[in-house]
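Just so you know, all these numbers are worked out from the coordinates, no wet-lab data involved. Since the model is a prediction, treat every value here as computed from it, not as a measurement.
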Amino acid sequence: MPAKTEKKLADLFHDGLRDIYYAERKLLKALPKMARGAESPDLKAAFEKHRDETEGHVDRLQQVFEIFGKRAQGKNCPAIDGIVEEGEEILDEFKGSRALDAGLIAAAQAAEHYEITRYGTLKRWARELGMDDAARLLDQTLGEEAKTDEALSRLAETAANQKAA
Ligand SMILES: [Fe+2]
């Protein structure tokens with residue numbers, strides 16, 4: 001471990017990679033619970049689809065670790081722990097209510113937005129570190145997170161929010 005003053009962009013990149021690796025694997029476990037809890041078949045399907053995509057995200061991250069020359073290893077991410085915990089609270093506290101799906105969508109979008117900010121930064125850092133292949137992999141996942149976020153917004157606007165109101 002280098003002295004603190006010697007830490008560089010590559011160290012930030014490694015840290016961020018471990019953080020999002022942990023987050024993706026956490027979401028892999030959380031999404032089936034969200035799918036089971038969701039009332040609308042469309043929302044269930046959206047969560048299931050994103051669970052499958054998330055497997056691909058984990059896979060891409062393993063490739064990025066390889067390009068970077070480091071072992072794929074997560075690092076506790078209290079931010080995603082908190083976001084997932086809030087989703088579980090919604091599942092618990094709004095179960096059986098007409099507002100459940102609107103709440104689940106909001107919780108899921110919090111996770112997507114977290115991922116979007118992380119992937120955006122990591123992609124930029126990968127480029128600056130001269131790892132264009134890694135940047136491309138990160139960008140592919142970023143695109144899928146953004147699409148998921150849009151799909152969730154549509155489900156909120158076309159159904160869940162009216163039902164909750
Ligand atoms: Fe993801």
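Odds and ends about this structure:
- Global geometry of the chain, whether rounded, prolate or oblate, following the gyration tensor of its Cα atoms and the 1.5 cut on a/c: prolate
- The length gained on full extension between THR117 and LEU12, counted as 0.36 nm times the residue separation minus their Cα-Cα distance, comes to 36.3 nm.
- Derived scalar couplings ³J(HN,Hα) [segment 13-27; Karplus, 6.51 cos²θ - 1.76 cosθ + 1.60; whole Hz; x for Gly, Pro]: 4, 4, 4, x, 5, 5, 5, 6, 5, 4, 4, 4, 5, 5, 5
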